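Participant: After the structure tokens below, expect a handful of questions from me.
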């Protein structure tokens, strides 16, 4: 996300733990936030650090897929991968299905009703798990549920990719991130930009190794956790 946009960002809906959606990304008619701003799609940008290849094969799952433009953008760029988007919101799942239909590809599966904080998920395997801009716009319990669920799904060495803004050493990486954090906490005190070290500690408790950290545009980070063998 662009730092300049953060303080005035439309309220993300997080009525369910694990849900995160920017209201600007309402569906195919909107063209998608990343595309509209002429930027690389975050999911596609995070795929490089995760080791996903356009020529590779596999079954990545996407949590809090929101409007669905990430899967629709990534599918043609990674034709060997079968994408499984999910979101707990029926309206979001309808938008995901619309994006998939517009993409006219058979590599995007119908979206699952999946709440990251739930004890059981409607899926039992994935070669990779991608979660874009969720854990700061959801209760901390949703992030913990994401880590538990991903540990159940992934094979040894499988990547869990988290993309978004993070604090490092307890400090924001940019003034715009601090303003964004304040706006999130004003909307819901359970939300907020997370400490990278807290996320890494919680991931380690679920059997993940230390994160591979890649700086991304607009003061975001891509964190790649790999499940230990």
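Participant: I need the peptides 182-189, 161-168, 222-229, 202-209 ranked by packing, meaning the mean over residues of other C-beta atoms within 10 angstrom, with the highest value on top. Mind showing how you got there, number by number?
Facilitator: On the way: 182-189: 14.0, 161-168: 23.5, 222-229: 19.9, 202-209: 17.9.
Per-residue mean Cβ counts within 10 Å order the peptides as 161-168, 222-229, 202-209, 182-189.
Participant: Just to be sure I understand the model, the point goes 7 Å from the Cα along the line to the Cβ. What's the resulting residue 187 to residue 205 distance in nm?
Facilitator: Placing both labels 7 Å along Cα→Cβ, they lie 2.6 nm apart.
Participant: Once you have a ≥ b ≥ c as the square roots of the Cα gyration tensor eigenvalues for segment 87-173, tell me rounded if a/c is under 1.5, and otherwise prolate or oblate according to whether a/b is larger than b/c. Can you show the working numbers first?
Facilitator: Numbers: a/c = 1.73, a/b = 1.44, b/c = 1.20.
Since a/c reaches 1.5 and a/b is larger than b/c, the shape of segment 87-173 is classed as prolate.
Bear in mind these aren't lab numbers, they're just calculated from the coordinates by the rules spelled out. Treat the numbers as computed from the prediction; the structure is a model and nothing was measured. Neighbour counts are summed over all protein chains in view; Cβ atoms, including those assigned to glycine, are modelled from backbone coordinates with ideal geometry.
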